[in-house]
There are 2 protein chains.
Amino acid sequence: MKDMTAFLPYASTANRPPLRPKLAPSGAGASAYATGPKAAKQTQTLRDNDDTELLTLFRNASFEQHFQPGSTVLLHGDPADAIYLVVSGTIRCCTVDSEGRRQIFAFPKKGDFVGVSDIDRWHFTAEAVDHVIVKSIPRLTLEQELAVNISLRLEMRTLMGGLLARRERQMLTLVSTKGPERLYRFLEEFAATRSGGGHIVLPMCRRDIGDHIGLSMESVCRAFSDLKRRGLIDLKSHEKYKLIGNAGRDATPLPLHADL
Amino acid sequence: MKDMTAFLPYASTANRPPLRPKLAPSGAGASAYATGPKAAKQTQTLRDNDDTELLTLFRNASFEQHFQPGSTVLLHGDPADAIYLVVSGTIRCCTVDSEGRRQIFAFPKKGDFVGVSDIDRWHFTAEAVDHVIVKSIPRLTLEQELAVNISLRLEMRTLMGGLLARRERQMLTLVSTKGPERLYRFLEEFAATRSGGGHIVLPMCRRDIGDHIGLSMESVCRAFSDLKRRGLIDLKSHEKYKLIGNAGRDATPLPLHADL
DNA sequence: CGTCGGTTTGATCCCTGTCAAATTAAGTGG
DNA sequence: CCACTTAATTTGACAGGGATCAAACCGACG
């Protein structure tokens, strides 16, 4: 009762008043899958040379699932009975407090794992931003493999350690930098994973971005306008952007000190 | 070069300009211990029934070390060659960016572990707030035990998962609540570990608190005054406080909505 | 008793949340 | 294909919280 960390209302944000799922017939269901397991388990043991242990496990013992935009991939408080690898699409991982305020701490996308940290129950909620395809491995399978595979154990520890380090760095940027710089860093980080010279498409809405970098929806818009006005980004449409690679970027990590 | 996550300057905050270590002769040294290993390793295998695997390991295979206020327990970037258990005193764990801004994400105290997350190198810096005594276990010892002790493995995973969950919740409160409430929550959480009806002593300075809850030193002072004025805390001196347990605290998690 | 570091308070400015309205985008049905 | 509806983005106006600069206060210590 006294514990303020209970996230009882709004464990999922999929059906909050301000943000409705557009095309999510099964969105409200607690741990319902938007689409049931599709591809059956593969039987032969395949492995690429550059695979990690965990990837190998996914290659050999995973089910594929689809999620409609806005649907819930996993729900805070539910049993953590699987582990996920994003095949395509974007997911938002978030915690929500009793007043409906939300913090999106990650946007896992292709190649990212989801659910490596929890053993018993999920401490967060994951929702599909756009159409998402994931592979999942039953928790039991993972545990069995962990019991005998020492490399996998090391990999899992490294993964979790990396997540923790990233969160603790995120905390620093959340409190120490202003809106436009936070947005710029996010766009930069997001762009880093989308190679190619063209424009990058943002699958998530302004509110999602705001809940990620700690700004209101409106401030995100202003930050976008600000970066555009300063010539730091090229905003083709509200969802397509490109970072302007200023040739002489070196000592100054961010040329954000110029005022309009 | 382009990576903005490099924490090259000020990996330690012990000797930043504004905050000097008072009594730390070896404070500036990179990985120097304020005092070398003191108590020798214990040889017999002791174990309390309520011990966890990790505590048992500390009971049997640890060295005791002392740290003066302001000295560095472990430094960001150094090899993670040990794991720590705080015996007494308070530590601050933080990340620092290139502009000297600091985020203290935890204040480990008696009974808390430090360094469970990193395998290769420390991703953060830990410094003694006051006089600190820790027990440490060499990384090698831990790894050897991990290889054969399945319960310990589960414990470590649970520990790390708990840390990650806590950080992700912290991120939410950092951006969603105002200064006084953040301070109140911190004082509440801090008090939760110090049982006893008397006044609680804060070992850390205002700046440390500020860097923990994302406020400037001055705003921390104002938040203290604010809470005192509203009768939510009893501030005996600048470092001794007591939460005012308003008898009817139930539905309202925080009676902070009244305006001065 | 004076010095020094930390704390507190004051004055001011800027960022950002909030409320509101305008604009654009995306469907939907005729 | 166009009118209509609805959601999302953008911009504007305004107020409040907190950072910053500065000064006063306070306690520890030699």
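The values are calculated or read from the model by the stated rules, or taken from the named source; none is laboratory data. A quick note: this is a predicted structure, and the numbers were derived from the prediction, not measured. No Cβ is skipped: glycine too gets one built from the backbone with ideal geometry, and neighbour counts run over all protein chains shown. For the accessible areas, the whole protein counts, side chains as well, though only heavy atoms, and no ligand, DNA or RNA atoms are used. Shrake-Rupley method; radii C 1.70, N 1.55, O 1.52, S 1.80 Å.
Summary of values
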quantity	calculated
When residues of the range B:174-194 are limited to those that are within 18 Å of the chain's Cα centre (by Cα) and either within 16 Å of DNA strand D (Cβ to nearest atom) or among the polar types (S, T, N, Q) (or both), the one nearest to A:Arg101 (Cα to Cα)	B:Leu174
Selection count where residues are modelled with pLDDT of 95 or more and open to solvent by 10 Å² or more (accessible area, probe 1.4 Å), scope the range B:90-101	1
Selected residue (criterion: nearest to DNA strand C (Cβ to nearest atom)) from residues of the range A:223-248 that are open to solvent by less than 30 Å² (accessible area, probe 1.4 Å) and assigned to a helix (DSSP H, G or I)	A:Ala223
Strands (runs of 3 or more DSSP E) contained in the range B:46-114 and holding at least 3 residues within 14 Å of another protein chain (Cβ to nearest Cβ)	B:91-96, B:102-106
Hits in the range B:146-155 (condition: open to solvent by 10 Å² or more (accessible area, probe 1.4 Å) and in a helix (DSSP H, G or I))	B:Leu146, B:Ala147, B:Val148, B:Ile150, B:Ser151, B:Arg153, B:Leu154, B:Glu155
Hits in the range B:59-89 (condition: buried (at least 20 other Cβ atoms within 10 Å of the Cβ) and hydroxyl-bearing (Ser, Thr, Tyr))	B:Ser62, B:Ser71, B:Thr72, B:Tyr84
Residue in the range B:226-243 that is in contact (Cβ under 8 Å) with a residue 12 or more places away in the chain, within 23 Å of B:Val96 (Cα to Cα) and within 11 Å of DNA strand D (Cβ to nearest atom) present	no
Of all residues in the range A:122-166 being at the interface with another protein chain (Cβ under 10 Å from one of its Cβ atoms) and of a type in the set (Lys, Arg), the one that is nearest to B:His76 (Cα to Cα)	A:Arg166
For A:Gly196: the one exception among (1) at positive phi; (2) assigned to a helix (DSSP H, G or I)	(2)
Some residue of the range B:187-197 being under 30 Å from A:Ala126 (Cβ atoms), away from every other protein chain (no Cβ under 11 Å) and open to solvent by 40 Å² or more (accessible area, probe 1.4 Å)	no
Filtered residues of the range A:198-222 (kept if open to solvent by 40 Å² or more (accessible area, probe 1.4 Å) and either more than 13 Å from DNA strand C (Cβ to nearest atom) or within 11 Å of chain B (Cβ to nearest Cβ) (or both))	A:Gly198, A:His199, A:Ser216
